[in-house]
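We did not get these values from a lab; they are worked out from the coordinates using the rules stated. Everything numeric here is computed off the predicted structure, so don't read it as measured data. So basically every Cβ, Gly included, is an ideal-geometry build from the backbone, and we count neighbours across all protein chains shown.
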Amino acid sequence: MTVTETGLKDCVIIEPKVFGDKRGYFLETFNANTFKELTGLNVEFVQDNESFSSRGVLRGLHYQTGEHAQAKLVRVVKGEVLDVAVDLRKDSPTYGQHVTVNLSEDNKKQLFVPRGFAHGFVVLSETAIFAYKCDNLYHKESEGGVIYNDDSLNINWQIAESEMIISEKDLVLPALEHAIS
């Protein structure tokens with residue numbers, strides 16, 4: 001496994017070792033000991049989620065607050081997405097900054113999104129299956145979000161806005177300045 005820093009504290013890109021032959025491939029998507037050894041982070045995941053989406057679907061930017069905040073390890077099983085993490089930690093030197101990474105079934109990259117970050121993605125392929133591990137259980141009353149097109153973030157989603165499919169809930173999310181850290 002290779003870990004690459006993103007410039008945002010504790011938000012890292014993970015590239016697992018892929019063992020392939022004529023039968024296909026095998027990879028270890030997560031190993032707690034290796035993860036801790038390479039990142040210095042001790043994370044205990046308690047919930048796994050998976051979504052299926054069509055091209056242009058944008059999900060995010062979402063987060064959970066307080067004792068229900070979540071760290072996530074995200075990856076794409078099928079297809080390709082542009083994945084985005086935004087630092088919402090007001091005491092962080094990278095507050096309001098974001099990182100983007102293309103995650104795909106081909107590159108097998110994963111992104112670790114720490115607690116205190118908003119997270120979202122847009123599907124770049126015809127369809128995508130997106131999987132993620134969370135270190136805290138979902139709690140509806142603690143959810144929050146940041147609008148995907150916030151001018152202060154200036155995220156390049158790599159897809160025309162006219163192609164985006166966004167839920168009504170995500171279309172009314174507040175700007176970064178009104179997000180809860």
Exercise for the section: Restricting to the chain, compute how many DSSP beta bridges are antiparallel as a %, nearest 5. Expected result: 95
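Magnitude of the Cβ-charge dipole of the chain, K/R +1 and D/E -1, about the Cα centre, nearest 20 debye? The partial results should precede the final answer.
On the way: 18 positive and 27 negative charges, 94 e Å.
Dipole magnitude for the chain comes out near 460 debye.
Counting only helical runs of four or more DSSP H residues, what would the 222 nm mean residue ellipticity of the chain come to if each run contributes -39,500 (n - 2.57) and the total is spread over all its residues?
On the way: 2 runs with 12 residues, N = 181.
Helix-only estimate at 222 nm: -1500 deg cm²/dmol.
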Fill in the blank from the handout: For region 1-110 the trypsin sites (Lys or Arg not before Pro) that pass both the DSSP coil test and the at-most-11 other-Cβ-within-10 Å test are K17, K22, R23, K90
Exercise for the section: Distance check, please: which entries in K9/K108; K17/K90; K17/K78 exceed 27 angstrom between their Cα atoms? Expected result: K17/K90
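Can you figure out the FRET efficiency of Y138 with F19, using R₀ = 25 Å and their beta-carbon distance, to the nearest 0.05?
Numbers: r = 33 Å, r/R0 = 1.33.
The calculated FRET efficiency here is 0.15.
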Problem - Cα-based reach from K36 at 13 Å (exclusive), listing aspartates and glutamates while leaving out same-chain residues under 8 positions away - result: D10, E44
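Under the 0.36 nm per residue contour assumption, what length would be gained going from the current alpha-carbon distance of D48 and T127 to full extension?
Details: separation 79, 0.36 × 79 = 28.44 nm, distance 2.00 nm.
Extending this stretch completely gives an extra 26.4 nm.
How much length, in nm to one decimal, is gained on full extension between T29 and E105, taken as 0.36 nm per residue of separation minus their Cα-Cα distance?
On the way: separation 76, 0.36 × 76 = 27.36 nm, distance 1.23 nm.
Extending this stretch completely gives an extra 26.1 nm.
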Practice task
Subtract the Cα-Cα distance of L171 and L41 from 0.36 nm times their separation in residues, and report this length gain in nm to one decimal.
Solution key: 43.4 nm
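What do you get for GluC sites (Glu not before Pro) in region 101-181 restricted to DSSP loop and a cutoff of at most 12 other Cβ within 10 Å of the site's Cβ? Could the numbers behind the result be given before it?
Values: sites: E105, E126, E141, E143, E161, E163, E168, E177; in loops: E105, E126.
Taking region 101-181 and a limit of 12 other Cβ atoms within 10 Å, the loop GluC sites (Glu not before Pro) found are E126.
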